1. Would you call Val200 surrounded by 15 or more Cβ atoms within 10 Å (Cβ to Cβ) and closer than 17 Å to Arg169 by Cα?
2. Quick check on this structure: which one of Gly178, Gly165 is within 17 Å of Glu128 (Cβ to Cβ), surrounded by fewer than 13 Cβ atoms within 10 Å (Cβ to Cβ) and of a type outside the set (Ser, Thr, Tyr)?
3. Given the conditions (1) farther than 25 Å from Val210 by Cβ; (2) assigned to a loop (DSSP other than H, G, I, E, B); (3) modelled with pLDDT of 70 or more, report the number of the one that Asn97 does not fulfil.
4. Which residue, of Arg163, Arg205, Arg125, is over 24 Å from Arg84 (Cβ atoms) and among the basic types (Lys, Arg)?
5. Filter segment 160-214 down to the residues that are acidic (Asp, Glu) and part of a helix (DSSP H, G or I) and list them by number.
6. Please find, within segment 56-87, the residue that is nearest to Arg205 (Cα to Cα) out of those that are at pLDDT 70 or above and in contact with a strand residue (DSSP E or B) (Cβ under 8 Å, 6 or more places away or on another chain).
7. With (1) within 18 Å of Arg217 (Cα to Cα); (2) surrounded by fewer than 16 Cβ atoms within 10 Å (Cβ to Cβ) as the list, and Glu187 as the residue in question, which single condition is left unmet?
8. List pairs: first in segment 208-230 and in contact (Cβ under 8 Å) with a residue 40 or more places away in the chain and closer than 14 Å to Pro149 by Cα, second outside any helix (DSSP H, G or I) and among the aromatic types (Phe, Trp, Tyr), Cβ under 6 Å, 6+ apart or cross-chain?
Amino acid sequence: MPERARNLTSTEPRTFCSLSTSSLLARAVSRHKMASMGDPVRLERDISRAIELLDKLQRTGEVPPQKLQALQRVLQSEFCNAVREVYEHVYETVDINSSPEVRANATAKATVAAFAASEGHSHPRVVELPKTEEGLGFNIMGGKEQNSPIYISRIIPGGIADRHGGLKRGDQLLSVNGVSVEGEHHEKAVELLKAAQGTVKLVVRYTPKVLEEMESRFEKMRSAKRRQQNNIPQ
């Protein structure tokens, strides 16, 4: 077996997935020329082939099966699938006019940054919803003017988001169709959602406790305002 493959299988599963997956995806794009500058990247097939290869290697007995099984579990995990989805999404939207290799490496760095920023929270997810005349079926709250992130505050029962099932109340909205809304005003996110046509791709991260804290803060502010209004002489 090539030395490179031996080193790969000896990596700790969680460390391999969290620190190296994006770099591996970047090399896959540049090495195999999977996509030209304007084409989407689809890496699911390559990951499936890697899993099949691990099955074959386990049958040969050339590598300790425990290490191969650990790597296989990583490639089949929800976390690794989330890394792939975010990587593909960033690759499609990154604004770099250069070679596929440079584009792939820039995408890998952006993907690692996105997951590093989510440390201690749920990892980022890509949710794609159809845009129809009935809207997207969810409400958002928060924004820079309120000194808070932008969150999904309500999933409308029976609406598009509810029927799709990929979005949750408590999801922090990170980007809309490739445009970041982190640190942006509420209206910026609203405008991007309204301008979307056909489908809308959202990158979100589930942090319900932060939403609960934000709602509690807003409720205290509303209560204080009501008390102030009640104390005004008539």
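The values are calculated or read from the model by the stated rules, or taken from the named source; none is laboratory data. Note that the structure is a prediction, hence the values are computed from the model and not measured. For neighbour counting, all protein chains shown are included, and Cβ atoms are generated from backbone atoms with ideal geometry for every residue, glycine included.
1. Values: surrounded by 15 or more Cβ atoms within 10 Å (Cβ to Cβ): yes; closer than 17 Å to Arg169 by Cα: no.
No, not satisfied.
2. Values: Gly178 fails: surrounded by fewer than 13 Cβ atoms within 10 Å (Cβ to Cβ).
Unique residue meeting the criteria: Gly165.
3. Every condition holds for Asn97 apart from (3).
4. On the way: Arg205 fails: over 24 Å from Arg84 (Cβ atoms); Arg125 fails: over 24 Å from Arg84 (Cβ atoms).
Step by step, each of Arg163, Arg205, Arg125 is checked, and only Arg163 is over 24 Å from Arg84 (Cβ atoms) and among the basic types (Lys, Arg).
5. Within segment 160-214, the subset acidic (Asp, Glu) is 162, 171, 182, 184, 187, 191, 212-213.
Scanning segment 160-214 gives Asp162, Glu187, Glu191, Glu212, Glu213.
6. My answer is Val86.
7. Of everything listed in (1) within 18 Å of Arg217 (Cα to Cα); (2) surrounded by fewer than 16 Cβ atoms within 10 Å (Cβ to Cβ), Glu187 misses just condition (1).
8. Leu211/Tyr151
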